[in-house]
Amino acid sequence: MGQPIDRRAFLKLAGVGGAVFASGLAGCASMGAEAKDEFYFVQLSDTHWGFKGPALNPDAGGTLQKAVADVNALPETPDFIVFTGDLTHTTDDPKERRRRLAEFRDIVSALKNKNVHFMPGEHDASLDNGQAWKEFFGASYYSYDHKGVHFVAIDNVSDPAARIGDAQLAWLKADLAKLPVATPIVVLTHRPLFDLMPQWDWATRDGAQALALLMPYPNVTVFYGHIHQEHHHMTGHIAHHSAKSLIFPLVAPGSRPKREPIPWDAAQPYRGLGFRGIEAEVRKATYEIREYPVVKA
């Protein structure tokens, strides 16, 4: 059968569509054997379960299930899966909010990989400070380690003013203080931490304070959602990568006077929707991002 191929070569040979981007994180080679392990995870975002709007997505009740099936069919099983917010679409009715959260939970329970991390979006959490969301998914901010990389999930949505808040910033400072300075750090959040378009609610009011805490660490990458499109930005050495939505795309930052969804194109159904696979090679301190359409052409 010939020589076995490594994980990265396998993913490239698999050839599931989308562009690949690299976010360089230098200085990780001295972290020991564990840090040399490669791994692969999947990010999904902005599923907005409960949304209804045929002009934007006539398959709003089926797109999430298609994404779950696509993740289950990936040629290699990811180490874990993360949902970066707006699991459900906003509703003023607390009972309906919980019903949507329960339905979302039940749908994604079909994922073969049960190592799944969840984060809230403002649609899930801003109307009740995350109370209902926490009933289903637990803490809204937390950290964990995986093969030499430290992951930090930041909640910048439960506060309706789009703030992380002093208490969580203090927690983040204490969490980071435990790490050697060269530790690769991945931040997962819903809103961008930098001021992308504050007038469109594409910012975090105290995001600069979080970035200041992260800035002393040379190996930081941020993955977020909220803006319903792929976008890449650098804050100093910190790379920020946004994920596509699974319900409808939004116009590019500043391209129009107002933030607007892009209507469904019957000639190109599911255009602009998708999820991403992220291949982490800590040995070379890079993250390769592969964008997947939610439905293959």
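The values are calculated or read from the model by the stated rules, or taken from the named source; none is laboratory data. No experiment lies behind these values; they were computed from the predicted model shown. Cβ coordinates were reconstructed from backbone atoms using ideal geometry, including for glycine residues, and neighbour counts include every protein chain displayed. To get the accessible areas, we keep the full protein, side chains included, count just its heavy atoms, and leave off ligands, DNA and RNA. Shrake-Rupley method; radii C 1.70, N 1.55, O 1.52, S 1.80 Å.
A few points about this structure:
Every residue, every condition in (1) assigned to a strand (DSSP E or B); (2) without any contact (Cβ under 8 Å) to a residue 12 or more places away in the chain; (3) farther than 20 Å from Pro216 by Cα; (4) in contact with a Ser or Thr (Cβ under 7 Å, 6 or more places away or on another chain), yes or no:
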{"residue": "Ala170", "(1), (2), (3), (4)": "no, yes, no, no"}
{"residue": "Leu176", "(1), (2), (3), (4)": "no, no, no, no"}
{"residue": "Thr183", "(1), (2), (3), (4)": "no, no, no, no"}
{"residue": "Leu193", "(1), (2), (3), (4)": "no, no, no, yes"}
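- Residues of the stretch 183-212 that are acidic (Asp, Glu) and open to solvent by less than 30 Å² (accessible area, probe 1.4 Å): Asp206 alone.
- Conditions (1) under 22 Å from Tyr270 (Cβ atoms); (2) aliphatic (A, V, I, L, M); (3) crowded, with 21+ Cβ neighbours inside 10 Å; number of the one not met by Ala55: (3)
- When the residues of the stretch 213-246 are filtered to those that are among the hydrophobic types (A, V, I, L, M, F, W, C) and without any contact (Cβ under 8 Å) to a residue 60 or more places away in the chain, the one that is surrounded by the fewest Cβ atoms within 10 Å (Cβ to Cβ) is Met234.
- Looking at Ala167, Ala174, just one residue is more than 19 Å from the chain's Cα centre (by Cα) and either under 29 Å from Glu281 (Cα atoms) or crowded, with 21+ Cβ neighbours inside 10 Å (or both), and that residue is Ala174.
- Candidate set: the stretch 105-155, residues that are of a type in the set (Lys, Arg) and assigned to a loop (DSSP other than H, G, I, E, B); chosen: the one nearest to Thr84 (Cα to Cα): Lys114
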